[in-house]
Amino acid sequence: MIRFYLTAMLEESERNCESGRLQKKQFWNLFSERKRPHPARDPGTKVYVISRDFYHLWKSYVRSCERGNLVVNPPERLENASLFCPHDHLLFPVMVLEPHELSEHLVLVWEEEWVTLKELYPPDHVISAFYSDAGCLMTEPAVCDNGCVELRLAKDYEEQFSYEHQIIHVRQSLGPRKKPRLSSRGASSGGGASNVASNSQRLVRASCTFSSTDTIREVQNFIAERTGIWPMLQTLWVCGEEQQKAGEADGGEPLQLTDDHRAMTLNALRVRPGDTIYFRAARCAHPCWCHSQVGPHSLVMDRGMARKAEETHRFEECLLRALLGVTSTEEMLMSDEMIITVEMPPGRFIS
C-alpha cells in the first residue's frame, strides 16, 4: 500500500514538473519579468493584476521543476486576497505609485497571459487595469476610500520599528556635528598626520544584534564591554533616517541622547535595523573611573554580565555625582573639576 502511494506521488510530481517546464516556456517574459506593461508605452491597454505573493509562489514552483525535486506541487489557485481590504477594494494607492513601487506588491500581466493563467489557476479575485494618459494605473475594483489604505500604511510604518535580533551599528565619533564623522581626513604636517592616524586607529566601529524592546542602557553596556568606557562617560547620538528627518528642522543635528533617554527603547527612539548610534567618550583624568582593560571581542554581550555591570555603573555614577556636587550626567561631564583622558589601548578594536 505504501509503495503504491509513493509511486502515485512520484508520478504526480513528474506530471507537475512537465507542466512547470511548459509554463516557463509559455510565460518566459512573465517568469523573467521582462516586457511588462508600462505607463509610457502602453496607455489605455487592458491588463490584469496578480499579487506578488502568488507570483513568488508560482516562480518557486517552476524553479523546483527545473531542479528536479522529487515532490513538486503547483499553487492551488491564483490568490489576490492580500491586495484587498474587508470592503473588497484594493489596499494599495496604485494610482500614485511608480512602476517600481507597484512591483513590490503586484505584477501586471497581459490579457493573453491572463487567459492562460486563469485556466491553470482559478483566481479568487479578478483585477483588471489600464494606464491612463497621465500615467496613473486605474483598476477595477478601485482603491478603497474608507480609510483602509491609511491604516495599512500606518501599520507598515510601525512594523519597521518592531524587530528582534537585528544589526545596529555603533561608531565612535570625534564630536557632535551635523553628521558625526568617524575619523579625521588627514593633516598637512607630519606631526598632525601622526596624531590623526593614532586617533583613527582608536575609533571604535562595531555592530551588535539588538531588539526593538532593548533600551539605550543595553547599548551603552555593549559600548562599555567593547571599549571600557563606562555608560556615565558616554555621550550618544542617534543618526538614523527618522532622526535626520526630525533634525532638518533643527539645523540638521542628529538626536543627542540624555539621561532621560537611557530607559527608552530603540522602538521609542525610532531606531531601525541598520541604523547607526554614534558615541563620544568624555575626558577624565582619573583612570579609576574607567575600565582598565577592554572587554572581550564577542559582538554579543552576556545579558547577565551586562545587568551586573549596569548596577555597578549606577552606584559609581551616583558616587561620582555626589563627589562633584552635580545632579545629572550632563552637569558632571561639563564640570571644571573633571578633566579626562580615557586610556584605550590601540589595536584592540575592530575596524
- Task: For residue 136 and residue 258, calculate 0.36 nm times their separation in residues minus their Cα-Cα distance, and state this gained length in nm to one decimal.
- Result: 39.2 nm
- Task: Quick one: which residues, 5+ away or cross-chain, put their amide H under 5 Å from the amide H of residue 237? H built at 1.01 Å from N.
- Result: 257, 278, 279
- Query: Which GluC sites (Glu not before Pro) from the stretch 1-104 combine a DSSP loop assignment with at most 16 other Cβ atoms within 10 Å?
  - Reply: 33, 76, 104
- The extension gain from residue 164 to residue 14, computed as 0.36 nm times the residue separation minus the Cα-Cα distance, is 49.9 nm
- Working out 0.36 nm times the residue gap between residue 211 and residue 152, then minus their Cα-Cα distance, what length gain in nm do you get to one decimal? 18.9 nm
- Could you give the nm distance between label points at residue 115 and residue 71, where each point is 7 Å from its Cα heading toward the beta carbon? 3.7 nm
- Set 25/59; 24/118; 46/155; 46/118, cut-off 22 Å on Cα-Cα distance; pairs above it are 46/155
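Each reported figure results from applying straightforward, stated rules to the coordinates on display, with no laboratory input. What you see is a predicted model; the values in this text were computed from it and never measured. FYI the Cβ positions are ideal-geometry reconstructions off the backbone, even for glycines, and counts take in every protein chain you see.
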